[in-house]
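The values are calculated or read from the model by the stated rules, or taken from the named source; none is laboratory data. Owing to the predicted nature of the structure, the values given are computational and were not obtained by experimental measurement. So basically every Cβ, Gly included, is an ideal-geometry build from the backbone, and we count neighbours across all protein chains shown. Side chains included, ligands, DNA and RNA excluded: accessible areas come from the protein's heavy atoms. Shrake-Rupley method; radii C 1.70, N 1.55, O 1.52, S 1.80 Å.
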Amino acid sequence: MRKKIVAGNWKMNKNLAETKTLLSELKTNLQKAREAEVIVAPTAVNLYMATEELQQVDIKVAAQNMHQAENGAYTGEISADMLKRVGVETVILGHSERRAYFGETDELLASKVSKALQHDMTVIFCFGEELQDRKSDNHFAIVENQLKNGLFHINTEDWKNVVLAYEPVWAIGTGETASPEQAQEMHAFIRNTIAKAYTQQIADEVSILYGGSVKPNNANEIFAKPDVDGGLIGGASLDAESFVAIVNAF
Ligand code: PEP
């Protein structure tokens, strides 16, 4: 079912004490009756504490990454099973920082997606074009390829566990946001691409989040677009007041 979602990607920010503080601020200030589902993605060492803290609360916890293998000699890595066993049911895959700084390719992401789905996790699958792609009018082709190569191997039934996050790389952490019209245009294209590859019903039911410099002052007009179902928030999710304001922008 298509849901409204606001997810905060805390990246490599917030130590243990700071994570506790932010979680407690969110618990206090997020309204119980709200339109959007809320997900937070603390750094890996704080995931267990976060799931414990949020046990009685309607805020989900996501990992920012996971390994594609079941287990084994992969120093420094974390498996889907390990995440599940500490209460983490959702994982962000394909973030542009993982693609750019850690060499994550569409092919690698395809195997991470499969492993997460095999463990019945929800995948927030990120993708988006770089500035030169948009300037050369190549953005639709790039996005279509990222979807086809990283995601379109999944089965029809798996789509219920997938959330998409369109994040134009030029808008991430730059203060430059895609206009609501640019976001809507791309989100409609994404839905159409899914309808062609799968079914119209799957396309209509998947939640597509926008990410890239969403702030309290622009969230409302972006979220108002018919094919934008919420946001993946970086910088503005690190401050309780601004994150709560974005959640309340629906
Ligand atoms: C992100 O990193 O996913 C993101 C959208 O960051 P920011 O909101 O800071 O642009």
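Residues whose amide H falls under 5 Å from that of ALA63, counting only those 5 or more places apart or on a different chain, are THR90, VAL91, ILE92, with hydrogens built in the peptide plane. Among DSSP beta bridges whose residues both lie in the chain, state the antiparallel percentage, nearest 5. Bridges in the chain are about 0 percent antiparallel.
Taking the Cα centre as origin and putting +1 on Lys and Arg beta-carbons and -1 on Asp and Glu beta-carbons, what dipole magnitude results for region 185-245, to the nearest 20 debye?
Result for region 185-245 is approximately 180 debye, rounded to the nearest 20.
The residues neighbouring LYS112, those whose beta-carbon lies less than 13 Å from its own, together hold a net charge of -2 under the Lys/Arg +1, Asp/Glu -1 convention. A simple spin-label model places the labels of ALA17 and ASP120 4.0 nm from each other, with each point 7 Å out along Cα-to-Cβ. Given +1 at the Cβ of Lys and Arg, -1 at the Cβ of Asp and Glu and no other charges, the dipole of region 26-90 around its Cα centre is 200 debye to the nearest 20. Identify, among GLY231, THR43, LEU54, the residue whose Cα sits farthest towards the positive end of the charge dipole of the chain, taking +1 on the Cβ of Lys and Arg and -1 on the Cβ of Asp and Glu, with the dipole about the Cα centre. Selected residue: LEU54. Dipole magnitude for the chain: about 320 debye, using +1 per Lys or Arg Cβ and -1 per Asp or Glu Cβ, origin at the Cα centre.
The shape of the chain can be summarised by an equivalent ellipsoid whose semi-axes, obtained from the alpha carbon gyration tensor, come to 25, 22, 17 Å from longest to shortest. Summed over the residues of region 2-66 and divided among them, the accessible surface reaches 51 Å² per residue at a probe radius of 1.4 Å. In this structure the amide hydrogen of LYS4, modeled in the peptide plane, comes within under 5 Å of the amide hydrogens of GLU37, none closer than 5 places in sequence on its chain. Across the protein chains, with a 1.4 Å probe defining accessible surface, the residues ASP133, ASP204 rank ASP204, ASP133 from largest area downward. Net charge near ALA219, counting Lys/Arg +1 and Asp/Glu -1 over other residues with Cβ under 14 Å of its Cβ? Result for the local shell: -1.
In what sequence, largest accessible area first, do LYS112, LYS215 appear using a 1.4 Å probe?
My answer, sorted largest first, is LYS215, LYS112.
The portion of the accessible surface of the chain made up by carbon and sulfur, rounded to a whole percent, is 47 (1.4 Å probe; DNA, RNA and ligands excluded). Positive-end ranking of ILE154, TYR210, VAL244 along the dipole of the chain, with charges on Cβ about the Cα centre, is headed by VAL244. In loop segments of region 37-129 as defined by DSSP, the chymotrypsin sites (Phe, Trp or Tyr not before Pro) with at most 16 further C-beta atoms inside 10 Å of their C-beta are TYR74, PHE102.
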